[in-house]
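Working notes for the structure below.
The values are calculated or read from the model by the stated rules, or taken from the named source; none is laboratory data. What you see is a predicted model, and the numbers here were worked out from it, not measured in a lab. A quick note on method: Cβ atoms are made from the backbone with ideal geometry, for glycine too, and the neighbour counts reach across all protein chains shown. Remember, those area values only see protein heavy atoms, side chains included, never the ligands or the DNA or RNA. Shrake-Rupley method; radii C 1.70, N 1.55, O 1.52, S 1.80 Å.
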Amino acid sequence: MTTAKKTKVRKFHQAKWDEPIIFELNTKGERGLLVPEVEQEIEDRVGDGVSALPSHMIRQEPPALPEISQMRVLKHYLRLSQHCLGADFNVDIGQGTCTIKYNPKINEVLASSPKVTELHPSQDDSTVQGALEIMYKIDTFLREISGLDYFSLQPGGGSAAILAMASIIQAYHEYRREAEQRDEIITTIFSHPSDAAAAAVKGYKIITLYQNEDGLPDMEALKAAVSERTAGLLITNPEDTGIFNPHIKEFNRIVHEAGGLCGYDQANANGILGMTRAKEADFDMCFFNLHKTFASPHGCGGPGLGALGATSALRDYLPVPLVDFDGSRYFLNYELPHTIGKVRGFQGVFPVMLRAYAWIMSLGAEGLKEVARVAVLNNNYILTKIKKLRGAEAPYATGRHRIEQVRYSWEKLYRETGVTTEDITLRLADFGFHLWSSHHPFVVPEPFTIEPTESYSKAELDEYFSGLEQVVEEAYSDPEKVKNAPYNSVVHRIDHSTLDDPEKWAITWRAYLKKHGEKS
Amino acid sequence: MSKKNFVHPYIPNSVPEVKTAMLQEIGISDIGELYADIPETLRFEGEMKLPEPIHSEYALKRHVEKILEKNRTCSENINFLGGGCWQHYVPAICDEINGRSEFLTAYAGEPYEDHGRFQSLFEYESLMGELLDMDVVNVPTYDWYQACSTAVRMSGRITGREEILIPDTISPDRLAMIKNYCHPVMRITMVSYDPETGLMDLNDFKAKISDHTAGVYFENPTYLGFIEEQGQAISDIVHAAGALSVVGVDPISLGLIRPPSQYGADIVCGDIQGLGMHLNYGGGHAGFIASRDEEKFVMEYPSRLFGITKTSVEGEYGFGDVAYDRTSFGVREKGKEFVGTHSALWGITAGVYLSLMGPQGMQELNQVILQKSQYAVQRLSEIPGIKVPRFKSVHFKEFVVDFNQTGLSVREINQTLRQHRIFGGKDLSHEFPDLGQCALYCVTEIHSQEDIDTMITALQKCLQKGKKKP
């Protein structure tokens with residue numbers, strides 16, 4: 001049953017509690033939680049415990065934490081939670097590059113089992129065979145998905161995986177005594193900022209390729225950038241524009257020929273699962289964000305996991321430990337002769353691994369392919385509609401389809417109305433929607449990036465699009481309305497000017513009180 | 001089993017009729033056309049060899065639970081493992097809040113529709129600021145390993161120097177991370193320790209400091225559990241050389257123990273896992289970095305820093321990023337190190353924990369921990385063959401137990417203890433070969449007297465049996 005009527009836009013209003021800062025709830029004497037008492041016999045034997053501390057190591061004044069009773073603490077944070085628009089609540093297709101998809105609740109049930117939460121990472125391998133089995137199996141799954149040979153689940157996120165790739169590249173060249181000569185890493189402007197920044201941590205000079213008129217990284221620029229100083233290439237594909245670089249294998253060949261290694265930033269692989277892999281493009285390493293494509297929740301910004309893959313040739317450089325299997329037992333393997341050491345404590349974020357495992361097991365190979373295909377279908381469906389939207393454009397790749405997301409532009413609308421991409425984002429909050437612009441710098445002017453994923457129904461995509469239509473209509477007929485949004489959100493227009501001024505910025509409440517002189 | 005037209009609950013538009021309608025609107029007849037830009041040479045024509053999917057939620061649950069059943073947990077066993085991941089009580093409200101969909105599934109929205117995320121993290125920064133007695137605390141990074149590595153690099157940038165001094169008592173794993181993170185931009189010089197007390201050897205320290213030194217990084221309590229009492233002296237020495245004092249601390253110890261800022265620390269870092277996060281097999285970690293509110297420090301943080309500000313309406317609190325263009329989000333490789341998705345949900349949780357505990361709770365908690373761990377040390381010292389604490393210093397919740405006189409290895413002892421459903425302290429014999437057969441035991445508020453007595457009895461039995469061997 002389809003209808004040609006325009007989809008209704010919600011009369012949404014976010015919860016607005018006008019909730020004070022936690023310190024303002026302070027009521028002297030109130031207790032939120034009582035601590036286990038010490039047994040009398042222990043106290044009889046050792047005394048008050050505190051006397052053992054040297055006096056100069058004892059805190060002179062208790063920490064000035066607020067004193068609040070239990071229900072009031074709960075209430076405060078529950079209200080703050082209502083001031084958050086989680087993916088579970090909205091058609092969250094507006095956070096491009098973030099792959100905001102459904103995080104199945106069964107995975108939360110499984111992750112909260114004591115068989116997950118009450119495991120210490122230093123327990124003997126024999127006592128955590130279940131955890132190690134899950135880790136090992138994810139390794140094998142990701143090998144199939146990428147075509148690469150070994151995976152480490154240690155990195156705590158995509159940026160950490162990039163740091164690991166840069167470290168491996170460096171260790172590889174050091175082993176060949178070429179590290180001093182090879183001090184440059186190449187990346188592209190539409191790859192994630194961390195592809196540049198994490199490599200820079202390792203002392204590399206970063207060469208950034210800009211896009212040609214097709215929106216693809218320029219091949220001639222790559223050829224000019226490559227030399228005997230090249231350590232490697234770190235690149236996303238498709239990039240933030242959603243355009244797939246068909247020359248990626250040639251890119252890698254050029255870098256390999258110069259003696260460099262190639263690392264694939266697959267933080268987001270959602271549009272290409274089962275379609276194309278790191279292996280066929282001749283990448284030496286890749287990583288997947290389990291908190292993106294593999295459906296572990298984003299948690300307001302972590303914890304996540306960047307699963308790092310490498311070919312056999314680079315296995316010995318991976319961070320330790322790997323998870324191995326001898327035919328009957330799973331075990332932690334520290335015997336990697338050239339390991340870069342560690343990029344995180346212990347073995348990685350196990351609850352995230354568990355969720356990814358359950359998600360993959362729910363879908364299987366055909367399911368993963370369907371995820372990718374529908375994500376791409378959804379993206380091109382929205383692209384088709386947005387291309388007809390007044391004031392909106394999809395720069396580059398004119399007339400071509402995209403993969404899983406699109407980098408659009410409101411530049412035309414801005415020139416015609418003075419309404420900016422930020423204004424539109426803030427007005428969309430009035431309908432219960434997010435809309436993200438772009439990484440910096442804004443190569444595409446007045447950018448916005450939409451990535452539908454496979455999780456939202458056609459009706460919901462239509463609903464989001466109706467929101468865009470409404471805001472566009474307002475921009476052209478009543479721009480001031482858009483420029484003064486939001487109206488139905490948690491707060492009104494924020495004054496950002498203090499946040500760059502050392503005299504005025506306040507990163508803690510105590511700093512705020514000191515600088516702005518208000519009584520608590 | 002793959003059926004054409006199979007509809008999965010996670011993929012609404014896998015309904016064939018819906019697909020058709022969408023394809024029509026796009027103006028194509030098959031999804032394959034959308035992949036036109038991927039050349040044949042890059043197409044994966046094979047099949048991903050993954051297990052058969054488990055479609056029903058019920059069967060999936062049983063499948064995963066069957067695997068998890070093979071795990072033996074720290075609820076089923078009495079656990080004395082620590083070493084940077086600690087078993088503390090997790091208040092019910094901590095799980096309630098970090099299990100809420102609103103927080104769990106939010107990500108990168110604006111400080112309008114995601115105002116709550118900004119406020120809860122600002123409150124976390126603020127609560128930690130009181131615990132640490134410092135005015136700047138970051139939005140969390142991955143864990144302590146990352147936090148101390150960044151703190152070390154910050155000291156290098158602030159001073160313009162390339163060397164960091166670190167005592168030999170540091171966790172070898174943390175050292176491995178710092179090494180990789182510093183190389184090749186900074187170098188590490190190790191400082192020896194007093195074999196009796198474990199405290200930093202200040203003579204060796206003074207001998208090694210130079211005008212190449214950016215700072216010293218030491219931990220308090222140390223990895224081996226004792227309290228480094230010379231904090232002020234260490235800070236004074238390093239400051240005299242124009243360098244910075246960087247201290248790693250377990251924040252749960254700061255109810256009663258003096259925070260590093262009060263003995264000269266310039267940058268403080270550590271892990272908040274003990275503040276409301278479960279063990280999670282090492283998945284409950286988040287790292288903090290703190291400093292004074294001086295521009296030269298603030299501008300070196302790679303992390304996000306949420307600040308409080310006004311809005312267009314009087315009395316409303318707004319939030320946003322402080323000095324955003326300092327970060328890699330702002331300026332890519334010209335930013336400080338990198339920032340990405342780290343451990344925000346755990347930061348929010350730690351804020352909840354500290355709000356619940358309050359100053360009295362944190363003080364009482366520290367006292368109980370000191371009493372229980374001192375009791376454990378006392379009882380252990382009564383067992384023949386055991387020397388404890390190995391270091392003649394004051395300890396907080398962890399201490400080294402020396403088994404060298406028992407004739408048994410820690411490995412053998414822990415194997416026997418497991419039969420008694422006890423996880424013995426962490427085997428240090430590989431990390432610190434000079435200490436021989438030593439183990440790191442951790443005792444917290446979760447250990448009842450009965451738990452400790454059970455461990456003592458089991459150890460006594462184990463060591464008697466050991467002595468009977470020819």
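Go through A:THR449, A:THR453, A:THR398 for me and flag whichever is more than 8 Å from chain B (Cβ to nearest Cβ) and open to solvent by 10 Å² or more (accessible area, probe 1.4 Å). It would help to see each step written out before you state the result.
On the way: A:THR449 fails: open to solvent by 10 Å² or more (accessible area, probe 1.4 Å); A:THR453 fails: open to solvent by 10 Å² or more (accessible area, probe 1.4 Å).
Residue meeting the stated conditions: A:THR398.
Among the residues making up the range A:187-204, a single one is assigned to a strand (DSSP E or B) and either at the interface with another protein chain (Cβ under 9 Å from one of its Cβ atoms) or at pLDDT below 95 (or both): A:THR187.
To keep it simple, each residue is scored yes or no on (1) within 30 Å of B:CYS442 (Cβ to Cβ); (2) open to solvent by 40 Å² or more (accessible area, probe 1.4 Å); (3) within 9 Å of another protein chain (Cβ to nearest Cβ).
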| site | (1), (2), (3) |
| --- | --- |
| A:THR117 | yes, no, yes |
| A:HIS120 | yes, no, yes |
| A:ASP124 | yes, yes, yes |
| A:VAL128 | yes, no, yes |
| A:ILE138 | yes, no, no |
| A:LEU142 | no, no, no |
| A:TYR175 | no, yes, no |
| A:GLN181 | no, yes, no |
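Among the residues of the range A:497-514, those identified as more than 20 Å from B:GLU300 (Cα to Cα) and in contact with a helix residue (DSSP H, G or I) (Cβ under 9 Å, 6 or more places away or on another chain) are A:TRP509, A:ARG510, A:TYR512, A:LEU513. The condition of being touching a Ser or Thr at 6+ places or on another chain (Cβ under 9 Å) and either of a type in the set (D, E, K, R) or within 27 Å of A:ARG329 (Cα to Cα) (or both) holds for only one of B:ASN5, B:ASN77, that being B:ASN77.
Check whether at least one residue in the range A:370-380 is free of Cβ contacts under 8 Å to residues at least 12 places away in the same chain and open to solvent by less than 10 Å² (accessible area, probe 1.4 Å), and report yes or no. Within the range A:370-380, one or more residues are free of Cβ contacts under 8 Å to residues at least 12 places away in the same chain and open to solvent by less than 10 Å² (accessible area, probe 1.4 Å).
Among the candidates A:ILE386, A:ILE340, which residue alone is surrounded by fewer than 24 Cβ atoms within 10 Å (Cβ to Cβ) and at pLDDT 95 or above? Before the answer, list the steps.
Values: A:ILE340 fails: surrounded by fewer than 24 Cβ atoms within 10 Å (Cβ to Cβ).
Unique residue meeting the criteria: A:ILE386.
Yes or no: B:GLU300 without any contact (Cβ under 8 Å) to a residue 12 or more places away in the chain and out of contact with any Cys (no Cβ under 6 Å at 6 or more places or on another chain)?
On the way: without any contact (Cβ under 8 Å) to a residue 12 or more places away in the chain: no; out of contact with any Cys (no Cβ under 6 Å at 6 or more places or on another chain): yes.
Considered against the rule, which asks whether it is without any contact (Cβ under 8 Å) to a residue 12 or more places away in the chain and out of contact with any Cys (no Cβ under 6 Å at 6 or more places or on another chain), B:GLU300 comes out as no.
Take the conditions (1) touching a helix residue (DSSP H, G or I) at 6+ places or on another chain (Cβ under 9 Å); (2) buried (at least 20 other Cβ atoms within 10 Å of the Cβ); A:GLU366 misses just one of them, which is (1). On the basis of being open to solvent by less than 40 Å² (accessible area, probe 1.4 Å), among the small types (Gly, Ala, Ser), in contact (Cβ under 8 Å) with a residue 24 or more places away in the chain and under 28 Å from A:GLN40 (Cβ atoms), does B:ALA323 make the cut? Taking the combined requirement at face value, the residue does not satisfy it. Among residues of the range B:34-47 that are over 14 Å from A:ALA278 (Cβ atoms), those with a Cβ under 6 angstrom from a residue that is outside any helix (DSSP H, G or I) and among the aromatic types (Phe, Trp, Tyr), sequence gap 6+ or separate chain, pair up as B:ASP37/A:PHE244. Would you pick out the residues in the range B:203-221 that are assigned to a strand (DSSP E or B) and either of a type in the set (Val, Ile, Thr) or within 24 Å of the chain's Cα centre (by Cα) (or both)? Correct list: B:THR213, B:GLY215, B:VAL216, B:TYR217, B:PHE218, B:GLU219, B:ASN220. Of all residues in the range B:150-202, those being open to solvent by 20 Å² or more (accessible area, probe 1.4 Å) and assigned to a strand (DSSP E or B) number 5. Checking each residue in the range A:169-193 for being touching a residue at least 60 places away in the same chain (Cβ under 8 Å), within 30 Å of A:THR449 (Cα to Cα) and touching a helix residue (DSSP H, G or I) at 6+ places or on another chain (Cβ under 8 Å) picks out A:ILE186, A:HIS192, A:PRO193.
Can you tell me which residue within the range A:203-214, out of those that are in contact with a strand residue (DSSP E or B) (Cβ under 8 Å, 6 or more places away or on another chain) and touching a residue at least 60 places away in the same chain (Cβ under 8 Å), is least open to solvent (accessible area, probe 1.4 Å)?
Quick first cut of the range A:203-214, residues in contact with a strand residue (DSSP E or B) (Cβ under 8 Å, 6 or more places away or on another chain) only: A:204-211.
Filter once more, so that each one left must be touching a residue at least 60 places away in the same chain (Cβ under 8 Å): A:210-211.
Numbers: A:TYR210: 120, A:GLN211: 50 Å².
Looking at residues that are in contact with a strand residue (DSSP E or B) (Cβ under 8 Å, 6 or more places away or on another chain) and touching a residue at least 60 places away in the same chain (Cβ under 8 Å), I get A:GLN211.
Select from the range A:3-43 the residues that are among the acidic types (Asp, Glu) and part of a helix (DSSP H, G or I) and write down the one among them that is surrounded by the most Cβ atoms within 10 Å (Cβ to Cβ).
The selected residue is A:GLU43.
Residues to consider are B:GLY82, B:GLY109; find the one that is among the small types (Gly, Ala, Ser) and in contact (Cβ under 8 Å) with a residue 12 or more places away in the chain.
Working: B:GLY109 fails: in contact (Cβ under 8 Å) with a residue 12 or more places away in the chain.
Unique residue meeting the criteria: B:GLY82.
Which of the residues belonging to the range B:282-293 are within 18 Å of B:SER126 (Cβ to Cβ) and more than 7 Å from chain A (Cβ to nearest Cβ)? Spell out how you get there, then give the answer.
To start, the set of residues in the range B:282-293 that are within 18 Å of B:SER126 (Cβ to Cβ) comprises B:286-293.
Within the range B:282-293, B:ALA286, B:GLY287, B:PHE288, B:ILE289, B:ALA290, B:SER291, B:ARG292 meet the criteria.
Scanning the range A:483-520 for residues being open to solvent by 60 Å² or more (accessible area, probe 1.4 Å) and either in a helix (DSSP H, G or I) or in contact with a Cys (Cβ under 7 Å, 6 or more places away or on another chain) (or both) gives a total of 6.
Out of B:GLU123, B:GLU52, one residue alone is touching a residue at least 24 places away in the same chain (Cβ under 8 Å), part of a loop (DSSP other than H, G, I, E, B) and at the interface with chain A (Cβ under 7 Å from one of its Cβ atoms). It is B:GLU52. Going through the range A:429-446 one residue at a time, which ones are on the phi < 0 side of the Ramachandran plot and touching a helix residue (DSSP H, G or I) at 6+ places or on another chain (Cβ under 6 Å)? Once the filter is applied, which keeps residues that are on the phi < 0 side of the Ramachandran plot and touching a helix residue (DSSP H, G or I) at 6+ places or on another chain (Cβ under 6 Å), the range A:429-446 yields A:PHE431, A:PHE433, A:LEU435, A:SER437, A:HIS439, A:HIS440, A:PRO445. Only residues that are under 20 Å from the mean Cα position of the chain (by Cα) and part of a helix (DSSP H, G or I) were counted in the range B:80-96, giving 2. Beta carbons closer than 7 Å, at least 6 apart along the sequence or on distinct chains, never pair a first residue in the range B:248-262 that is more than 8 Å from every other protein chain (Cβ to nearest Cβ) and on the phi < 0 side of the Ramachandran plot with a second that is surrounded by fewer than 23 Cβ atoms within 10 Å (Cβ to Cβ) and hydrophobic (A, V, I, L, M, F, W, C).
For the range A:104-111, state whether one or more residues are touching a helix residue (DSSP H, G or I) at 6+ places or on another chain (Cβ under 7 Å), over 29 Å from A:THR311 (Cα atoms) and among the basic types (Lys, Arg). Within the range A:104-111, not a single residue is touching a helix residue (DSSP H, G or I) at 6+ places or on another chain (Cβ under 7 Å), over 29 Å from A:THR311 (Cα atoms) and among the basic types (Lys, Arg). When residues in the range A:471-520 are screened for being at positive phi and facing chain B (nearest Cβ under 8 Å), 0 of them pass. Residues in the range A:401-422 that are of a type outside the set (Ser, Thr, Tyr) and open to solvent by 10 Å² or more (accessible area, probe 1.4 Å): A:HIS401, A:GLU411, A:LYS412, A:ARG415, A:GLU416, A:GLY418, A:GLU422.
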